1. What is the ratio of the Cα radius of gyration of the chain to 2.2 N^0.38 Å, where N is its residue count, to two decimals?
2. Which values, in whole Å and largest first, are the semi-axes of the equivalent ellipsoid of segment 185-267 obtained as the square root of 5 times each eigenvalue of the Cα gyration tensor?
3. Amide H neighbours of I38 under 5 Å, at least 5 residues apart or on other chains, H built in the peptide plane: list them.
4. Quick one: which residues, 5+ away or cross-chain, put their amide H under 5 Å from the amide H of V231? H built at 1.01 Å from N.
5. Could you tell me what percent of the accessible area of the chain is made up of carbon and sulfur, with a 1.4 Å probe and every protein chain present?
6. Across all directions of projection, what mean area in square nanometres is found for the Cα convex hull of segment 61-172?
7. Ranked highest first by average number of other Cβ atoms within 10 Å, how do 118-129, 202-213, 24-35, 258-269 line up?
8. Using alpha carbon centroids, what distance separates segment 203-222 and segment 237-252, in Å?
Amino acid sequence: MASFRHLFKPDPYLQSEDDKRVQTDLSGTGQIPSHVGIIMDGNGRWAEERGLTRGAGHQAGIASVRDITRAARELGIKYLTLYAFSTENWRRPRKEVALLMSLLRKMLHEEMKEMRENGVRLNTIGQSNALPKEVQRDLFGAIDDTSDNDRLTLTLALSYSGRWDLVRAMQMMALDIRRGKVSPEDIDDRLVKSYLTTAELPDPDLIIRTSGELRLSNFLLWESAYSEIYVTKTAWPDFRRDDLYDAIRDFQRRERRFGLTGNQVKKAEEITPQQESYIQRIVNALTKGN
Ligand code: FPP
């Protein structure tokens, strides 16, 4: 019987046996971060170094989005947040903004089937009503279509910045105070978080930035208080699953202290889940009504 296999290009982003082995090793050696945020930087420089247009760099970046999303899902990362378009990016040349918007739509169309079939729930943070109407339609269509999925929540930060989110949260909180729904004494970390567009996401354990710059560029400012930050010189279009594995290996070597001493952290790690829930019950009882 004639074979048509040669007519199909093999998918370069499939999980190989080597991947399975590395992923099992990573899960065995330490904690897999629950929430990874990525500042996808360097598309423009990557393209310029190759004599290509900046648009070609963004286009190449889509393959990295696909590979990293798949690897994250396979690894058991529950939340992946990609900084795809910042509030400041609107100031880029009109043609580049238009190209980014059309690439976003293309990406949504191409990845829909895979997201639906593989338990990926799409989500967005940012000022989505600033996006062109057709982008909003595709984006919210895809969000609706995948809303029952729960293996990985893929959040696209679009027209997003940490300061924008904080200002918006403060405005909403001020309105609630004016309406008498909230009193100033109620304001604590938890309440502030509940007003952010990231309210339903846990804080990121790990933030990766590609292309070498040592800054957060207005990404998840409130949420990154205790995130581990990993910067690689690799530009986003070259960033693949092996680079993600390196970032996780590095994360697993860090000691996260959350403001405590190293000894306190070691003691806390010795607490069993039973003891933890007992302590939690006592804390709840003591703080009830406060
Ligand atoms: C930063 O590179 C990257 C972006 C502004 C956009 C990221 C977009 C993609 C990965 C393609 C998919 C598109 C969307 C909107 C999901 P840069 O242009 O700042 O690079 P440079 O610092 O080298 O100039």
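1. The reported ratio for this selection is 1.11.
2. Semi-axes (√(5λ), whole Å): 26, 19, 10.
3. For I38, whose amide H was placed from the backbone, the distant partners under 5 Å are T81, L82, Y83, I208.
4. Residues meeting the amide H criterion: R209.
5. For the chain, the apolar C and S fraction of the accessible surface comes to 52 percent.
6. Mean projected area of the Cα convex hull: 7.3 nm².
7. With the highest mean Cβ count within 10 Å placed first, the list reads 202-213, 118-129, 24-35, 258-269.
8. 15
The values are calculated or read from the model by the stated rules, or taken from the named source; none is laboratory data. Predicted model only: the values in this text are computed from it and were never measured. In this analysis, Cβ positions are derived from the backbone assuming ideal geometry, glycine residues included, and neighbour counts consider all displayed protein chains. Note: accessible area is taken over every heavy atom of the protein model, side chains too, but ligands, DNA and RNA are not part of it. Shrake-Rupley method; radii C 1.70, N 1.55, O 1.52, S 1.80 Å.
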